[in-house]
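Note sheet for the following structure.
The values are calculated or read from the model by the stated rules, or taken from the named source; none is laboratory data. All values reported here derive from a predicted model rather than from experimental measurement. Neighbour counts are summed over all protein chains in view; Cβ atoms, including those assigned to glycine, are modelled from backbone coordinates with ideal geometry. Ligands, DNA and RNA are excluded from the accessible area calculation, which covers all protein heavy atoms including side chains. Shrake-Rupley method; radii C 1.70, N 1.55, O 1.52, S 1.80 Å.
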Amino acid sequence: MLKKYKWTWMLLGLALIMAVYLMWGTVFASKEKLPEIREIQSFSMENVDGSTVSLEDTQGKVRLFYFYFTSCPDVCPITTFTLSQVQDLLKEDDTFGKDVSFVSISFDPKVDTREKIKTFADRFHADYSGWYFLRGDMDKTKQFARDSFQILIEGENKDDFAHMNMIGLVDENNQLRKVYNAFNTEDVVPAVIAEDIRNLIKE
């Protein structure tokens, strides 16, 4: 009987070995944690609803940080749309707002009034229960972006701004764990970012 069905048994054996291999790889891959890059600094800024939001107000949740300006003609709207897709994925399992929040920070406070920021955010169906849209002193915002995320922002107004288009992933203990280069649309995929967030929540 073994001789008669030897190829069947061999195929079943190979399938079993492959299944064990994949399970083994998945188990160990899931144990790999994102490195702790650095601790982000304290901040205190005005939210779109007029309230003051500090680092301590956001602590205890996994967070995505993004620096933008509403008059941006290209990358800022595209990246904010990507964040809105991540938001929608996280709302499917009720983690958005409860275990994770987004922090979008304008570095053009002279132009970006609360009203203009809200108009911008509403275009992307932002859920304010878990998404802060902040504004503060321009120089302090630039310094916060540089010192905490190594994101460089140059220029003084919408006509000469030049900025790195990055998204920072921060854990509940204020440790920067990953920086996404939003220019690389192949790597910055909503499903991938959402999975990174879920993994941090589980730590």
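At a glance:
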item	result
Per residue value of the accessible surface for the stretch 72-203 (all protein chains in place, 1.4 Å probe), Å²	48
Carbon + sulfur, % of accessible area of the stretch 105-170 - ligands and nucleic acids excluded, 1.4 Å	48
Neighbour cut-off at most 14 other Cβ (10 Å), DSSP loop, trypsin sites (Lys or Arg not before Pro), the stretch 51-120	98, 110
Listed pairs 61/158; 33/116; 61/118 exceeding 29 Å between Cα atoms	61/158; 33/116
Gap separating the Cα centres of the stretch 90-139 and the stretch 156-203, nearest whole Å	14
Karplus 3J(HN,Hα) series, Hz, for the stretch 47-54 with 6.51 cos²θ - 1.76 cosθ + 1.60 (x for Gly, Pro)	7, 4, 8, x, 7, 9, 10, 10
Shape category assigned to the stretch 38-143 from the gyration tensor of Cα positions, a/c cut at 1.5	oblate
Qualifying GluC sites (Glu not before Pro) in the stretch 99-160, DSSP loop, other Cβ atoms within 10 Å at most 13	156
Amide H contacts under 5 Å for residue 134, placed H, 5+ residues apart	104, 105, 106
